[in-house]
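K.L.:
Input: one structure, supplied below.
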There are 2 protein chains.
Amino acid sequence: MTVGLGRSQRAGIRQVADRAGVSVSSVSRVLTSHPDVSARMRKRVLEAVEQLGYEPDWLAQSMRRGATLTVGFVVGDISNPLFAQIALGAEVSLQREGYSMLLANSQNQPVLDARHIRLFQQRRVDGLLLSLASENHTETLEALAGLETPIVLIDRDLPPAVAASAVLSDHQSGMRAAAASLIELGHRRIGMITGSIDLRPSREREAALRAVCAEHPEVGAVVRPGSFTAAHGAAATAELLDGADPPTALVAGGNQILIGVLRELRARGLSVPSDISLVSCDEVPLSELYDPPIATIVRDPFRIGQRAAELLLGRLRGDQPHHAVLPSMFAPGRSCGPPR
Amino acid sequence: MTVGLGRSQRAGIRQVADRAGVSVSSVSRVLTSHPDVSARMRKRVLEAVEQLGYEPDWLAQSMRRGATLTVGFVVGDISNPLFAQIALGAEVSLQREGYSMLLANSQNQPVLDARHIRLFQQRRVDGLLLSLASENHTETLEALAGLETPIVLIDRDLPPAVAASAVLSDHQSGMRAAAASLIELGHRRIGMITGSIDLRPSREREAALRAVCAEHPEVGAVVRPGSFTAAHGAAATAELLDGADPPTALVAGGNQILIGVLRELRARGLSVPSDISLVSCDEVPLSELYDPPIATIVRDPFRIGQRAAELLLGRLRGDQPHHAVLPSMFAPGRSCGPPR
DNA sequence: GCAGATTCTGGGAACGTTTCCGGAAACGTC
DNA sequence: GACGTTTCCGGAAACGTTCCCAGAATCTGC
């Protein structure tokens, strides 16, 4: 361990060179393990490095090499456990390959999406992981249009003009299984509360539900898109239950929406599944430990993050943009029963 | 909007200067809003900037200025909602002041803490936000010892040798209130399951519980430290319940521990609070929506993150290191009742 | 119309690396 | 011992900014 006694400034490659009595370029060669370097030289340089506690300056390296070993992650809200797990999966994978991750919360405001994309571009990130707040914000699309840095979208559809990789969840298969299960139980009117319609997950789930209903003419679906928030979950639940011909089963399209739904059901003193059946999307501790355990359309968010990182690393190695599809599955639970 | 038609390379300040027919330094002055610049000059430069779609290179700027406008956040596991909320609070506050946040998960391995600290230092971050996996890891302390960059610890106690700011939760007041409430209900034997003993939250909570018990000689406490995981929560619950003189009330020292506790209680068919009373730490949706709602020692994680960012920004402006203490409060819930 | 102050501008040295290039030294071959 | 290779090393030009410094231009007061 080197104690920083006399030196007030941190040592540069220059100091190392002086100390070792060699040229700056030789030090650089040793440290980048260039082949043209003698054993004696290597030894001297490494000694000087050790003595001075030298560590190369990342800024200078990045500037010179043109790569920052940094990727930016733009996410609506990291405090949402779904995104937190995705972020974890991605960060751990990137970290293993020497990359660091810059995190920016857009607080679900498309305008911040765009701003952060530009900021990261200026910061010279080598790649971008995007979980956008909206797929249709022009400013965001403009910011993306001119980009030469590799992009990986997380469960988003963008016009093919932006040449991006993507890791997509196959929401439809899970949703179809869930709907089929409800219909099997006897439900004829299914309510679905979901987030913004210009976000892929909402669209896919709705499409799947409608497709299943189309196969069963006796079944009707009523969909309430809005936002992925507890407030919307509660409000939409109230609307559906107070409406004419209220559904006998409810699908909550996200962990925050689920919270709102449960709050509203509790406020009304309704019990699951005897009064109403319930299906949620994306597993959280609450789903498992609620009584009864909540039937859930599950996927593996950690794996999504991993896969996104892999796609990005691939592109950084020169691969072409690629779309990866990850499965979703219906995990039945006692929150579903026959309609009353 | 500037379309990148002919230019394959992104424009540098040099190109802007040529285009505007002025010197490089003048362009720099305009863009850094230096006072010594005429209106005509500003106009010409800004036009050129607009035409070329020029954006300053952050690497070069950082290198020259000696500041990166970046802070590093080392956290055990961002997928834990507590830390995710802290991260959100911090990132939003930092973002507002123009700082970006590098995120690194240490996966609760002290050795990764140390590695990330060194990595961030090399990356020239302007400051560090640390939620360490251990307070006693020598490698980490060594890495911290020589640091000149401002540090803010999040709910951690480190030897005063490291001159760090810290935002600390006052766990004790909440814990004392919870214990008092349990005793008031008639409990005489209180079990507590918590994380690693060389982490401040565990120590503080245990100290508070023991202090309260000391005031009530008829009450005994049995504490099971371990790790902040569901696995430990379940195992410790089983141990306590199978032991001699099992507790009639349980305190779960974290949201993951709570999950384990609830799993074990469910597996045993025990119901809350008639068979056993339950208190948890740090609010999660599960606490609110569980039936019965779980009494919880709450704090405001978003605020913790905000405060950490404020402390760091303060230090970056030249303030001295400072300790901030944030409250915790006991929020009673129907998960507590008289012992059977 | 001139001295001195003020406003503005350009040149160029830094920041800390990497890497190209040319040359010196060592080596083997005839 | 001349010569071509190979191995190793140092010099110096980049990378894209900021900022000090000196000098030019304009202004002010008389």
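Computed from the coordinates by the stated procedures, all read-outs in this text should not be read as laboratory data. Because the structure is a prediction, the values reported are computed rather than measured. Positions of Cβ are backbone-derived with ideal geometry, glycine not excepted, and every protein chain shown enters the neighbour counts.
K.L.:
In nm, what does the list of distances from B:His34 to its counterparts in the other copies look like, shortest first, when each label sits 7 Å along Cα to Cβ?
P.N.:
Copy-to-copy label distances for B:His34: 3.5 nm.
K.L.:
Count the DSSP beta bridges whose two residues both fall in chain B, then state the antiparallel fraction as a percent rounded to the nearest 5.
P.N.:
If we restrict to bridges inside chain B, about 10 percent are antiparallel.
K.L.:
Counting Lys and Arg as +1 and Asp and Glu as -1, each charge on the Cβ, what is the dipole of the protein assembly as shown about the Cα centre in debye, to the nearest 20?
P.N.:
Dipole of the protein assembly as shown, to the nearest 20 debye: 2140 debye.
K.L.:
How big is the gap, in Å, between the Cα center of the stretch B:170-241 and the Cα center of the stretch A:223-239?
P.N.:
Going from one Cα centre to the other spans 39 Å.
K.L.:
Sticking with this one: Need one number: nm distance between label points at A:His34 and A:Asp170, each 7 Å from Cα along Cα→Cβ, rounded to one decimal.
P.N.:
5.1
K.L.:
Using 0.36 nm times the number of residues separating B:Ala67 and B:Lys43, minus their current alpha carbon distance, what extension gain do you get?
P.N.:
5.8 nm
K.L.:
To continue, here is another question. Could you please rank B:Arg315, B:Arg188, A:Arg340, placing first whichever residue has the fewest other Cβ atoms within 10 Å of its Cβ?
P.N.:
Least crowded to most crowded, the residues run A:Arg340, B:Arg188, B:Arg315.
K.L.:
Another one. At R0 = 60 Å, how high is the FRET efficiency between A:Arg266 and A:Ala161 if r is their beta carbon distance? Nearest 0.05 is fine.
P.N.:
My answer for the efficiency is 0.80.
K.L.:
Along the Cα→Cβ direction, 7 angstrom out, place labels at A:Asp291 and B:Glu148. What is the inter-label distance in nm?
P.N.:
Label at A:Asp291, label at B:Glu148, 6.1 nm between them.
K.L.:
Next question. Give the nm distances, rounded to one decimal, from A:Asp275 to the matching residue in every other copy, measuring between label points 7 Å along Cα toward the beta carbon; shortest first.
P.N.:
2.6
K.L.:
For the pair A:Ala180/A:Gln109, report the inter-label distance in nm, with labels modelled 7 Å from Cα in the Cβ direction.
P.N.:
Taking the two extended label points, one gets 4.4 nm.
K.L.:
Nm distances between the label at A:Glu47 and the same-position labels in the remaining copies, 7 Å along Cα→Cβ, shortest first?
P.N.:
Nearest first, the other copies' label points are 6.3 nm away.
K.L.:
Right, another one. Just how far, in whole angstrom, is the stretch A:99-150 from the stretch B:292-320 if you go by their alpha carbon centroids?
P.N.:
For the stretch B:292-320 versus the stretch A:99-150, the Cα centre distance is 27 Å.
K.L.:
Run lengths n ≥ 4 of DSSP H only: what is the helix-derived mean residue ellipticity at 222 nm for chain A, with -39500 (n - 2.57) per run over all residues, to the nearest 500?
P.N.:
Computed ellipticity for chain A at 222 nm equals -14000 deg cm²/dmol.
K.L.:
Nearest 5 is fine: what % of DSSP beta bridges in the protein assembly as shown come out antiparallel, could you say?
P.N.:
10
K.L.:
Further question: Given the Cα-Cα distance of B:Arg303 and B:Ile197 and 0.36 nm per residue of separation, how much length would full extension add, in nm?
P.N.:
Length difference between fully extended and current span is 35.7 nm.
K.L.:
Follow-up question, since we're still on this one. Could you point to the residue in A:Ala177, B:Ser169, A:His34 farthest towards the positive end of the protein assembly as shown's charge dipole, with +1 and -1 charges on the Cβ of Lys/Arg and Asp/Glu respectively?
P.N.:
Among A:Ala177, B:Ser169, A:His34, the one farthest towards the positive end of the dipole of the protein assembly as shown is A:His34.
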